[in-house]
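First comes the structure, then the notes that go with it.
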Amino acid sequence: TRAARLTTDTALIQMHRVVSLTQMGRYDEALAVARASRRVLSRRAPVHLAQLETHVGILYYRRDRYAKAIEHYERARKILASAGDDTMRAVVDTNLSHALMETDRHGEALRLLEGAAGAMEGSGQSLWAAQTRFHIGYLQFLRGNYNAALTSHYHAREELTRLGSLELVAWCNHEIAEILECPMGTVKSRL
């Protein structure tokens, strides 16, 4: 691609390499590739630049560097705000919400997840919407809202069962069992 002077195509390939290198734990190399890709994408492909920022955010999230992850996710959100891609922004918001959860910013994370679930549902991405509801349930559990957590998990489990996602149904069942075993005996008695 370089020999053919396909600089945007090269940058896109590099953007995807960031994901692979992150999965392999080669973080420094992934960051170097991201820098090279960013130089081209910032001039030519804003939506792809948002994807790149999301990939870099994931890299920092995996390294437990949540402030840096949030910084990159917020860059991606800003780019996508002008691009009008609601589904892609919902994916970014889901990633951002996880980093916010890690920094005890649960209220912000919940708002992002609720918006993401609505956007995914609206675009026909039912599986993603159900997965997002699963995360909403977990966040409600972390906040001590056990009934809301159960309601979210039951709704997500119903939808995941309908969609045939047995692995995620099992995760819902696990989370439901954990909530029901919590020391708040009132949860069991209300069900």
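Okay, residues lined up against (1) open to solvent by 20 Å² or more (accessible area, probe 1.4 Å); (2) not basic (Lys, Arg):
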residue: HIS48; (1), (2): yes, yes
residue: GLN51; (1), (2): yes, yes
residue: ILE70; (1), (2): no, yes
residue: ARG75; (1), (2): yes, no
(message) Just to verify a result, which residue in the stretch 1-33, among those that are within 24 Å of THR94 (Cβ to Cβ), aliphatic (A, V, I, L, M) and touching a residue at least 24 places away in the same chain (Cβ under 8 Å), is most open to solvent (accessible area, probe 1.4 Å)?
(response) VAL19
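Would you please name the residue that is nearest to TYR66 (Cα to Cα), looking only at residues in the stretch 88-117 that are free of Cβ contacts under 8 Å to residues at least 12 places away in the same chain and either assigned to a helix (DSSP H, G or I) or of a type in the set (A, V, I, L, M, F, W, C) (or both)?
Filtering the stretch 88-117 for residues free of Cβ contacts under 8 Å to residues at least 12 places away in the same chain gives 104-105, 107-108, 111.
When the remaining residues are screened for being either assigned to a helix (DSSP H, G or I) or of a type in the set (A, V, I, L, M, F, W, C) (or both), the result is 107-108, 111.
Values: GLY107: 16, GLU108: 14, ARG111: 18 Å.
Here the residue is GLU108.
I'd like the full set of residues that are among the hydroxyl-bearing types (Ser, Thr, Tyr) and touching a helix residue (DSSP H, G or I) at 6+ places or on another chain (Cβ under 7 Å), limited to the stretch 54-108. Before you say what the answer is, go through the steps one by one.
Applying the first criterion (among the hydroxyl-bearing types (Ser, Thr, Tyr)) to the stretch 54-108 yields 54, 60-61, 66, 73, 82, 87, 94, 97, 103.
Correct list: THR54, TYR60, TYR61, TYR66, TYR73, THR87, THR94, SER97, THR103.
Results for (1) open to solvent by less than 20 Å² (accessible area, probe 1.4 Å); (2) farther than 23 Å from LEU163 by Cα; (3) in contact with a His (Cβ under 9 Å, 6 or more places away or on another chain), shown as yes or no for each residue.
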| site | (1), (2), (3) |
| --- | --- |
| ALA83 | no, yes, no |
| ASP86 | no, no, no |
| GLY107 | no, yes, no |
| PHE134 | no, no, yes |
(request) Using the structure shown, decide if LEU41 is within 27 Å of ASP86 (Cα to Cα), open to solvent by less than 20 Å² (accessible area, probe 1.4 Å) and either not β-branched (Val, Ile, Thr) or not in a helix (DSSP H, G or I) (or both). (result) yes
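The values are calculated or read from the model by the stated rules, or taken from the named source; none is laboratory data. Since the structure is predicted, the reported quantities are computational estimates derived from the model, not experimental observations. As a convention, Cβ positions derive from the backbone with ideal geometry for all residues, glycine included, and neighbour counts pool all protein chains shown. Each accessible area value is taken on the protein alone, full model and side chains, heavy atoms only, with ligands, DNA and RNA left out. Shrake-Rupley method; radii C 1.70, N 1.55, O 1.52, S 1.80 Å.
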